[in-house]
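Q: Quick one: this structure, given as structure tokens, is what I'll be asking you about.
The values are calculated or read from the model by the stated rules, or taken from the named source; none is laboratory data. In this text the structure is predicted, and so the values were computed from the model without any measurement. Don't worry about glycine lacking a Cβ; one is built from the backbone with ideal geometry, like all the others, and counts go over all protein chains shown.
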Amino acid sequence: MTDLGPEALFRLDGRVALVTGASSGLGVAFARAFAAAGAQVVVAARRAALLDETVAAIEDAGGQALAVKADVSDPAQCRAAVGHAHDRFGRVDILVNNAGVGTAVPATRETPQEFRAVVDVNLHGAFWMAQACAEVMPPGGSIVNVASVLALTTAGLPQAAYTASKAGLLGLTRDLAQQWGPRKGIRVNAIAPGFFETEMTEQYSADYVDTVITPRLLLGRFGSPTEIAGVGVWLASPAGGFVTGQTIVVDGGMSVT
Ligand code: NAP
């Protein structure tokens, strides 16, 4: 057993982390937290200008980062993103599958295109990225899939595609953990966020938030992105070294109400 002090337990020095959806919201917080923990960070999403802002914030804080424009619903772009990360930093140890889209459409009216578009990003995209990373990820690697509390409960809106995609991501997490733990030494876990202040949740009406969501939050408020980023760092760090196949719920208590 390696005896690490409390600070080293959570350090990621010398490691390379690829964070998808790091052009806004939780992805920016994950990227900045991984960099602060010592990792070199590759940020991927479709909006290149926003990715550059994430890179600038990391570099301003003394870290190293690379922006890679990629649509995770395209397997070829996922492979290319991992290739760029590997070319620049020589390795990829950590993948945070954070890119996601949400919709609210009554199930009777939801078109095949609408349903597929959500699953293509949230579930298929996570798999394409995991597959591409697993090709190069060394033993000790860690994949963190960002699911949702909606994989475990309901929240009043009609979100069949989103909920199915996120529940699927928990199944994917378990299966990749059982395939790649013994064979590759890669741990695979999921985080199920509750409600956080991001672009995704700012579309909700004040009435929905006040009457449906807030009464279910034991802490009485939405989470701040920094309150989830540390959970990602923990899962990828030596402190999380014996955790695999798990879903960590970070929801201010919503799922137990
Ligand atoms: P957000 O601010 O809307 O961020 C979503 C990110 O995903 C953006 O960076 C977006 O970047 C990226 N993305 C979307 N489609 C993509 C694609 N096809 N290819 C690559 N990147 C794509 O939302 P957020 O709240 O931070 O969400 C982050 C993750 O947390 C999502 O998986 C979401 O489902 C999950 N989550 C969030 C909450 C919450 O309360 N905020 C709750 C539960 C789960 P581009 O548009 O630049 O591509």
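Q: Do any residues in the range 11-26 that are closer than 16 Å to residue 85 by Cα and part of a loop (DSSP other than H, G, I, E, B) have Cβ atoms under 9 Å from those of residues that are acidic (Asp, Glu) and away from the ligand (no atom under 16 Å from the Cβ), where the two are at least six apart or on different chains, and which pairs are they?
A: 14/93; 15/93
Q: Tell me which residues, restricted to the range 40-53, are over 21 Å from residue 126 (Cα atoms) and in contact with a strand residue (DSSP E or B) (Cβ under 6 Å, 6 or more places away or on another chain).
A: Hit for the range 40-53 is 52, nothing else.
Q: Among the residues that make up the range 39-49, is at least one of them more than 9 Å from the ligand (Cβ to nearest atom), surrounded by 24 or more Cβ atoms within 10 Å (Cβ to Cβ) and assigned to a loop (DSSP other than H, G, I, E, B)?
A: Among the residues of the range 39-49, at least one is more than 9 Å from the ligand (Cβ to nearest atom), surrounded by 24 or more Cβ atoms within 10 Å (Cβ to Cβ) and assigned to a loop (DSSP other than H, G, I, E, B), which makes the answer yes.
Q: Could you pull out the residue among 119, 101 that is within 16 Å of the ligand (Cβ to nearest atom) and closer than 21 Å to residue 209 by Cβ? Explain how you work it out, then say what you get.
A: Values: 119 fails: closer than 21 Å to residue 209 by Cβ.
Result of the check over 119, 101: 101.
Q: In the range 147-156, is there at least one residue being assigned to a loop (DSSP other than H, G, I, E, B), out of contact with any Asp or Glu (no Cβ under 8 Å at 6 or more places or on another chain), surrounded by 18 or more Cβ atoms within 10 Å (Cβ to Cβ) and polar (S, T, N, Q)?
A: yes
Q: In the range 54-82, what count of residues is obtained for those that are assigned to a helix (DSSP H, G or I) and either touching a residue at least 24 places away in the same chain (Cβ under 8 Å) or within 16 Å of the chain's Cα centre (by Cα) (or both)?
A: At the first step, the residues of the range 54-82 found to be assigned to a helix (DSSP H, G or I) are 54-60, 75-82.
Among the residues that remain, those that are also either touching a residue at least 24 places away in the same chain (Cβ under 8 Å) or within 16 Å of the chain's Cα centre (by Cα) (or both) are: 54, 57-58, 75, 78-79, 81-82.
Of the residues in that region, 8 qualify.
Q: Contact list please: Cβ distance under 8 Å, first residue in the range 177-200 and of a type in the set (S, T, N, Q), second residue more than 16 Å from the ligand (Cβ to nearest atom), pairs at least six apart or on different chains.
A: Close Cβ pairs satisfying both conditions: 178/245; 189/142; 189/177; 189/240; 189/243; 189/244; 189/245; 189/246.
Q: Please name all residue pairs, on different chains or six or more residues apart, with Cβ atoms under 6 Å, provided the first residue is in the range 117-134 and is at pLDDT 95 or above and the second residue is of a type in the set (Lys, Arg).
A: Short answer, once both residue conditions are applied: 132/79.
Q: Identify, please: which residue in the range 195-236 is of a type in the set (Phe, Trp, Tyr) and part of a helix (DSSP H, G or I) and is, among those, surrounded by the fewest Cβ atoms within 10 Å (Cβ to Cβ)?
A: Pass one, the range 195-236, residues of a type in the set (Phe, Trp, Tyr): 195-196, 204, 208, 222, 234.
Right, trim to part of a helix (DSSP H, G or I) and you get 208, 234.
Working: 208: 15, 234: 20.
Filtering the range 195-236 for residues that are of a type in the set (Phe, Trp, Tyr) and part of a helix (DSSP H, G or I), the one surrounded by the fewest Cβ atoms within 10 Å (Cβ to Cβ) comes out as 208.
Q: Given the structure, is residue 190 within 11 Å of the ligand (Cβ to nearest atom), in contact with a Ser or Thr (Cβ under 6 Å, 6 or more places away or on another chain) and not charged (D, E, K, R)? Working first, answer last.
A: Working: within 11 Å of the ligand (Cβ to nearest atom): yes; in contact with a Ser or Thr (Cβ under 6 Å, 6 or more places away or on another chain): yes; not charged (D, E, K, R): yes.
For residue 190, the condition - within 11 Å of the ligand (Cβ to nearest atom), in contact with a Ser or Thr (Cβ under 6 Å, 6 or more places away or on another chain) and not charged (D, E, K, R) - is met.
Q: Sticking with this one: Being touching a strand residue (DSSP E or B) at 6+ places or on another chain (Cβ under 9 Å) and over 21 Å from residue 145 (Cβ atoms) is the filter; apply it to the range 85-98 and report the residue that is farthest from the ligand (Cβ to nearest atom).
A: Here is the first cut: in the range 85-98, the ones touching a strand residue (DSSP E or B) at 6+ places or on another chain (Cβ under 9 Å) are 85-86, 88-98.
Add one more test, that the residue is over 21 Å from residue 145 (Cβ atoms), and what stays is 88-90.
On the way: 88: 19, 89: 20, 90: 24 Å.
Checking each candidate, the answer is 90.
Q: Among the residues of the range 17-34, is there at least one that is modelled with pLDDT of 95 or more and away from the ligand (no atom under 16 Å from the Cβ)? Full working, then the answer.
A: Taking the range 17-34 first, the residues modelled with pLDDT of 95 or more are 17-34.
Keeping just the survivors that are away from the ligand (no atom under 16 Å from the Cβ) gives none.
No, the range 17-34 contains no residue that is modelled with pLDDT of 95 or more and away from the ligand (no atom under 16 Å from the Cβ).
Q: Name the pairs: first residue in the range 88-114 and touching a residue at least 60 places away in the same chain (Cβ under 8 Å), second residue among the polar types (S, T, N, Q) and within 14 Å of the ligand (Cβ to nearest atom), Cβ to Cβ under 6 Å, at least 6 apart or on different chains?
A: 97/20; 97/145; 98/20; 99/20; 100/122
Q: Here's a follow-up. With the structure loaded, tell me whether residue 93 is of a type outside the set (Lys, Arg), under 20 Å from residue 16 (Cα atoms) and surrounded by 19 or more Cβ atoms within 10 Å (Cβ to Cβ) or whether it fails that test. Break it down stepwise before answering.
A: Working: of a type outside the set (Lys, Arg): yes; under 20 Å from residue 16 (Cα atoms): yes; surrounded by 19 or more Cβ atoms within 10 Å (Cβ to Cβ): yes.
So residue 93 passes the test.
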